[in-house]
Amino acid sequence: MTQNDDTLLSRLVQETGDDWARYVDHPFVTALAAGTLAEANFRHYLMQDYVFLIHFSRAWALAVYKSESLDDMRAAARVMHGLLEHEMELHVQYCASWGIDRDALESTVEAQGNMAYTRYVLERGLAGDLLDLLAAVAPCVCGYAQIGRARIDHPDTLLDGNPYRDWLELYAGEEFQALDRSVVEQMDRLAAERATEGRMPSLARTFAQATRLEIGFWDMGLFRTI
């Protein structure tokens, strides 16, 4: 982690034990960064991730509903807009290069691991408050940002000629890194407002479970499971 050790995020990462490293350094990620990941595996992952982002957008819409201030509502709405109008479009562009149009992409059969992860995030948001929901979405947002930072300049990463360079640059880019920072700051602010210490075990369980589900998502891509 490169985040300040005093953040709630860093504390939650520490509570995951080895799972966080298994997530951000997963063989799927290292092969993608090296440009050695088979196209079929990346295509399977990307199509599932498109479906994931549909549900993830719903989670951020729920964050608007769960917000208790206009600033929090606007922050969640900005994330949802970015997912719907930008991140998902990268998936569409990749798939178009393989002859997969938008209609086919939206008809992707949802894998069990995908369903388990997205429904878990929504369930935690429905059952809890905005901080519970952020603890469930943070492994995705903050994990992808960490992967982008770590891999873009890693000596084992191939950029020139890497078919997945656009993916790496999206998550290493300033726009996504700024989103990561905003989520970290929002979680810290909410934690300070809501006397979080007594809630740490629950938040840690949510964050750790979401991290394990992220590992399962990489596994799904690596082994192309449905």
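One residue is enough: does the stretch 38-47 have a residue meeting the conditions closer than 21 Å to L90 by Cβ, in a helix (DSSP H, G or I) and charged (D, E, K, R)? Looking through the stretch 38-47, at least one residue is closer than 21 Å to L90 by Cβ, in a helix (DSSP H, G or I) and charged (D, E, K, R). Would you check if A204 is among the small types (G, A, S), assigned to a helix (DSSP H, G or I) and crowded, with 16+ Cβ neighbours inside 10 Å? Considered against the rule, which asks whether it is among the small types (G, A, S), assigned to a helix (DSSP H, G or I) and crowded, with 16+ Cβ neighbours inside 10 Å, A204 comes out as yes.
So is S97 over 16 Å from the mean Cα position of the chain (by Cα) and at pLDDT 90 or above or not? The answer is no for S97.
Examine the stretch 159-169 for a residue that is closer than 21 Å to A61 by Cα and surrounded by fewer than 14 Cβ atoms within 10 Å (Cβ to Cβ), and state whether such a residue exists.
Looking for residues that are closer than 21 Å to A61 by Cα and surrounded by fewer than 14 Cβ atoms within 10 Å (Cβ to Cβ), one finds none in the stretch 159-169, hence no.
Listed by first and then second residue, the pairs linking a residue in the stretch 5-22 that is free of Cβ contacts under 8 Å to residues at least 24 places away in the same chain and more than 16 Å from A145 (Cα to Cα) to a residue that is acidic (D, E) and exposed (fewer than 12 other Cβ atoms within 10 Å of the Cβ), with Cβ atoms under 9 Å apart and 6 or more places separating them unless they lie on different chains, are Q14/D5. For the stretch 166-198, filtering for residues that are assigned to a helix (DSSP H, G or I) and touching a residue at least 40 places away in the same chain (Cβ under 8 Å) leaves 15. If you take the residues of the stretch 11-29 that are part of a loop (DSSP other than H, G, I, E, B) and under 17 Å from the mean Cα position of the chain (by Cα), which of them is farthest from Y171 (Cα to Cα)? Only one residue fits best here, namely T16.
Within the stretch 198-207, none of the residues are farther than 20 Å from A38 by Cα and in contact with a Phe, Trp or Tyr (Cβ under 7 Å, 6 or more places away or on another chain). Taking the stated definitions as given, is E175 modelled with pLDDT under 95 and surrounded by fewer than 20 Cβ atoms within 10 Å (Cβ to Cβ)? Yes: the conditions hold for E175.
Going by the structure shown, is L105 within 19 Å of W60 (Cβ to Cβ) and in contact (Cβ under 8 Å) with a residue 12 or more places away in the chain? Spelling it out, it is not the case that L105 is within 19 Å of W60 (Cβ to Cβ) and in contact (Cβ under 8 Å) with a residue 12 or more places away in the chain.
The values are calculated or read from the model by the stated rules, or taken from the named source; none is laboratory data. What you are looking at is a predicted structure, and each value in this text was computed from that prediction instead of being measured. We place every Cβ from the backbone using ideal geometry, glycine too, and count neighbours over all the protein chains shown.
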